[in-house]
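J.: Take this structure first; my questions come after.
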Amino acid sequence: MGIFSRFFNKRTNQQAPIKNTVPEEKKTIRKAFGVYCHAHHNTAGKALCPKCNALLMTVMTKIQRCPYGITKPLCHICDTPCFGQKQTLEFRKIMKGSQKRMFFRHPIMFVKQKMKEWGFAYMKQKQGQKK
Ligand SMILES: [Zn+2]
């Protein structure tokens, strides 16, 4: 019995949202910045324009110091984003503006990101119901 329940717990733990999602999110953000900047600012390959590059650097630094730790929500749907108002707006614009291109160029990444967004929306709704 004990072994079974332990195995079961292990399984369910792996599926719980509590895991370090930062590396994956960073990768997704980098890609999103890439497709957005290439399309809107005439850049190519791994290069970003200075403005996008600066914003990306800020995001990458801040994401590492997220006050939510490993249970952090996605930055672009966070209630208390830490990039400052102007940069948060710019960041959200890029994340939103790159969505369509992300869907065509990195469909798996796009779907994963969407699933997470829905997951957080669902969690939020649940928390709202408890109150
Ligand atoms: Zn750019």
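The values are calculated or read from the model by the stated rules, or taken from the named source; none is laboratory data. Note that the structure is predicted; figures quoted are calculated from it, not measured. Every residue, glycine as well, gets a Cβ built from its backbone with ideal geometry; the counts of neighbours run over all protein chains shown. Calculation scope for accessible area: heavy atoms of the full protein, side chains included, ligands and nucleic acids excluded. Shrake-Rupley method; radii C 1.70, N 1.55, O 1.52, S 1.80 Å.
J.: Quick one: in the stretch 103-123, which of the residues that are more than 13 Å from the chain's Cα centre (by Cα) and hydrophobic (A, V, I, L, M, F, W, C) is surrounded by the most Cβ atoms within 10 Å (Cβ to Cβ)?
T.: In this case the residue turns out to be Phe103.
J.: Okay, next question. With under 13 Å from the mean Cα position of the chain (by Cα) and part of a loop (DSSP other than H, G, I, E, B) as the only criterion, which of Pro73, Pro67 stands out? Break it down stepwise before answering.
T.: Details: Pro67 fails: under 13 Å from the mean Cα position of the chain (by Cα).
Step by step, each of Pro73, Pro67 is checked, and only Pro73 is under 13 Å from the mean Cα position of the chain (by Cα) and part of a loop (DSSP other than H, G, I, E, B).
J.: Also: Take the stretch 81-131 and flag every residue that is within 18 Å of Met60 (Cβ to Cβ) and not hydrophobic (A, V, I, L, M, F, W, C).
T.: Result: Pro81, Gly84, Lys86, Gln87, Thr88, Glu90, Arg92, Lys93, Ser98, Gln113.
J.: Please find, among Lys93, Lys126, the residue that is more than 15 Å from the chain's Cα centre (by Cα) and without any contact (Cβ under 8 Å) to a residue 60 or more places away in the chain.
T.: Answer to the check: Lys126.
J.: Tell me, which helices (runs of 4 or more DSSP H) wholly within the stretch 78-131 include 1 or more residues that are small (Gly, Ala, Ser)?
T.: In the stretch 78-131, the matching helices (runs of 4 or more DSSP H) lie at 85-97, 107-130.
J.: Hey, another quick one. Could you check how many residues of the stretch 38-69 are of a type outside the set (A, V, I, L, M), open to solvent by 30 Å² or more (accessible area, probe 1.4 Å) and away from the ligand (no atom under 11 Å from the Cβ)?
T.: Number of matching residues: 10.
J.: Only one of Lys27, Lys93, Lys100 is modelled with pLDDT of 90 or more, out of contact with any helix residue (DSSP H, G or I) (no Cβ under 7 Å at 6 or more places or on another chain) and within 16 Å of the ligand (Cβ to nearest atom); which?
T.: The conditions single out Lys93.
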